[in-house]
1. Taking every DSSP beta bridge with both residues inside the chain, roughly what % is antiparallel (nearest 5)?
2. So what's the back-of-envelope 222 nm ellipticity for the chain, counting only DSSP H runs of four-plus at -39500 (n - 2.57) apiece and dividing by all residues, rounded to 500?
3. Taking the convex hull of the alpha carbon atoms in segment 197-273, what volume per residue do you get, in Å³?
4. What whole number of Å gives the distance from the Cα centroid of segment 1-61 to the Cα centroid of segment 200-233?
5. Using a 1.4 Å probe over the heavy atoms of the protein chains, calculate the carbon and sulfur portion of the accessible area of the chain as a whole percent.
6. Given 51/314; 80/154; 183/229, which pairs have Cα atoms separated by over 22 Å?
7. Ignoring ligands, DNA and RNA, what accessible area per residue does segment 162-221 give at 1.4 Å, in Å²?
8. Once amide H atoms are built 1.01 Å from N in the peptide plane, which residues 5 or more positions from residue 204, or in another chain, come under 5 Å H to H?
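The values are calculated or read from the model by the stated rules, or taken from the named source; none is laboratory data. Worth saying up front: this structure is predicted, and the values here are computed from it rather than measured. Here the Cβ positions follow ideal geometry from the backbone for every residue, glycine too, while neighbour counts run over all protein chains shown. Surface accessibility is based on the protein's heavy atoms, side chains included, excluding ligands, DNA and RNA. Shrake-Rupley method; radii C 1.70, N 1.55, O 1.52, S 1.80 Å.
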Amino acid sequence: MATKSLKARHNALVTDNKQLEILESGIFENGELPYFKDKIAQIGQFPLRPKKLEILQINVGYMCNQVCEHCHVDAGPDRKEIMTRETMEQCLEVIRNTGAHTLDLTGGALEMNPNFRWFVEEAARAGVQDFIVRSNLTIIRANKKYYDLPEFFKKYNIHVISSMPHYTRGKTDKQRGEGVFDKSIKALQELNAVGYGMPDSSLRLDLVYNPSGAFLPGDQSALERDFKKALMEDFEIQFHNLFAITNLPIARFLDYLMASGNYEDYMYSLVEAYNPSAVENVMCTNTISVSWDGWLYDCDFNQMLGLKVASKIKHIKDYNEEVLTDRNIIVSQHCFGCTAGAGSSCQGSVT
C-alpha cells in the first residue's frame, strides 16, 4: 500500500495534461480503439448535452485519513486542499436557488473539513430532497471527535453512502490498508445501532463496491445479494443498496494500470463492454460537480482531470443554471468507464 498521494510523490500523473495525454494517445491515436466521441456520434449523442440538473455534487476537500490504491481523487493525509467557508457560502446560495433535488457531498474524507458540520447544518435548512454524504466509514473510528457522526447524520436525516470494497477482510485491506476492514465493520455496526440501514428505516445506508484489480464489476444485483448475505451472517450488519462502480483510468488507478502493464488490456475491456444504451443516463447529463475551490465540472472524474465545464460560467460564485444547461459536456476515453456493461455512476449502474 502506498502511504503518500501521487502529488506528494511528485508522480508525473499529477499533471492533468499527462493523464489526458495518455488517454488520447497510444491505442486510441493509432486507431486500435475508437475515441469515445466517435462511438457516441454513431448513436447521435455527440456532442453530449446536459439534461435538467438534478444533482449538485460538491467535493469539500482532498484531505483523507486513508490512501486507497484505486482513488481517482488521489486523496490522503498529505492533501491539504479543503473548501473554505467562503466557497461553502457560495455553494449554499446555489443550493437555495437551484433546481437540483439532490445534494451530494464528497471528498477525501469530507468529515475532516473543519467546516463540514456547519455546512451540513446550513445545507439541511435548504430542504434538499436527498442529502448524500459519502463516507469512507473508517473516519467514524479515526478519532474521538468523529465518534458521534452516526448520531449527527441521523439528526439531519443524511443519506449515507459508504465505500466498502468487499465483504472479506483480505480484499478490503489489500485495497485500502491494514485494519480498514475491521474499522469499517465497527462503523457500519454503529450506523445500524442508530437506525441506519434497517429494512423499514428512512435512514438510508448504501454501500459502494469498486473492483480491487484491472477488471470490471460484476452484476450489481448479484453483488448486493452476496454482500447482504455475508455481512448479515458474519456481523449482523444491514444496509439498503449496493452500488457497483467501475474504476476509471484516472490518478492512482491509472498509475496502477500503467505500473502493472494492464492499461491497454483494461481499456480494451472498457471499449468492448461499451453499452450505447448507458449513454442516455450517464451522470454528467444531470449533475454539476463543484471542486474544493469552487470550479465547476461536468462530473467528479472530469474534475480530477482538470476539465472545467465548457461554459462562460466556470465558477460557483457566478453560477447560472440556464447558461450552464446550454453547454457541451467534455468527454475523453475515461468516459468508456461510465458506459461499460450496465453503466456506472456515483449511484451505481445506470441501465
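1. Working: 8 of 33 bridges.
Roughly 25 percent of the DSSP beta bridges within the chain come out antiparallel.
2. -9000 deg cm²/dmol
3. Numbers: hull volume 8.8 nm³, N = 77.
Given the Cα convex hull of segment 197-273, per-residue volume reads 114 Å³.
4. A separation of 26 Å, based on Cα centres.
5. Details: 6920 of 14550 Å².
The C+S portion of the solvent-accessible surface of the chain is 48 percent.
6. Values: 51/314 18 Å; 80/154 28 Å; 183/229 20 Å.
Going by Cα-Cα distance, 80/154 fall outside the 22 Å limit.
7. On the way: 2520 Å² over 60 residues.
So segment 162-221 comes to 42 Å² accessible per residue, rounded to a whole number.
8. 160
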